[in-house]
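See below for the structure under consideration.
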Amino acid sequence: MKDARSILDSLMGTVTQMSGGASAGGLAGKARSTWDGQSSLGKGAIAGGLLGVLLTGGGRKLLGTGLKVGGAALIGGLAYKAYEDWKAGKPATIEPGPIALPQPKGTAFLPDDRQSADDLAARLLQAMVAAAKADGHVTIEERARIDTQLASLGLGAEAQAMIAAELDAPLDAGRIAALARSEEEATEIYAASLLTVDPDGAAEKGYLAMLAARLKLPPDLVAHLHARAASLG
């Protein structure tokens, strides 16, 4: 999907811009009148367009991390760090405070080639939208609001179609796992999914466990990914 990396960067870049509090407060004020009675996915969509759809639950903790990197670099750096530590046999430990993530440019985690970068980003976006649905379904009314938000974000017809199709598709960890073309990509798809959900929620735990199994990720690598995500803040 053309410009998928730019879309991913701009969506998650919004998170860092909101970390000062003023924008987040204004966003909450606009959403307050329609906040009650919605599912978590519906709440996210009302509060922040696609950003809210993708960063439900635990993902919202990124609002306060102060990280100043784009979405592709954040996901790629986290996955790369976890993967390299796992390969080196290091213990999976949570480091205090926000961690400095490497920028693995030119690797499978953050390709230099524009087409390869867009292709990977499109699959990461697909995985994130799927993960955002892990804790429940979207009502007809909520979906209408989501579609309105998507139309206002200027993402382009291709991106909107992909996101809409993923929102409509049944939750299927096996289908998402099939997006990975290597162990590195499997690690990154899991990282993107992990950053999207509340990893302590019962439904989300179940989805992440199934996704890890379908991706054939070793348990100790999964432990490194959770430790790195927890170290974000």
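Annotations for the structure displayed:
- A search for C-beta distances below 8 Å between a residue of region 153-173 that is β-branched (Val, Ile, Thr) and any residue that is modelled with pLDDT of 75 or more and open to solvent by less than 60 Å² (accessible area, probe 1.4 Å), counting only pairs 6+ apart in sequence or on different chains, returns Ile163/Leu125; Ile163/Val129.
- Residue tally, condition part of a helix (DSSP H, G or I) and buried (at least 24 other Cβ atoms within 10 Å of the Cβ), over region 191-210: 6
- Exactly one residue out of Ala180, Ala213 is open to solvent by 20 Å² or more (accessible area, probe 1.4 Å), free of Cβ contacts under 8 Å to residues at least 60 places away in the same chain and not in a loop (DSSP other than H, G, I, E, B): that is Ala213.
- For region 97-135, the set of residues classified as surrounded by fewer than 22 Cβ atoms within 10 Å (Cβ to Cβ), in contact with a helix residue (DSSP H, G or I) (Cβ under 8 Å, 6 or more places away or on another chain) and assigned to a loop (DSSP other than H, G, I, E, B) consists of Ile99, Leu101, Pro102, Gln103, Pro104, Ala108, Pro111, Asp135, listed by residue number.
The values are calculated or read from the model by the stated rules, or taken from the named source; none is laboratory data. The model shown is predicted, which means the values in this text are computed figures rather than measured ones. Cβ coordinates were reconstructed from backbone atoms using ideal geometry, including for glycine residues, and neighbour counts include every protein chain displayed. Quick note on the areas: whole protein, heavy atoms, side chains included, nothing else; ligands and nucleic acids left out. Shrake-Rupley method; radii C 1.70, N 1.55, O 1.52, S 1.80 Å.
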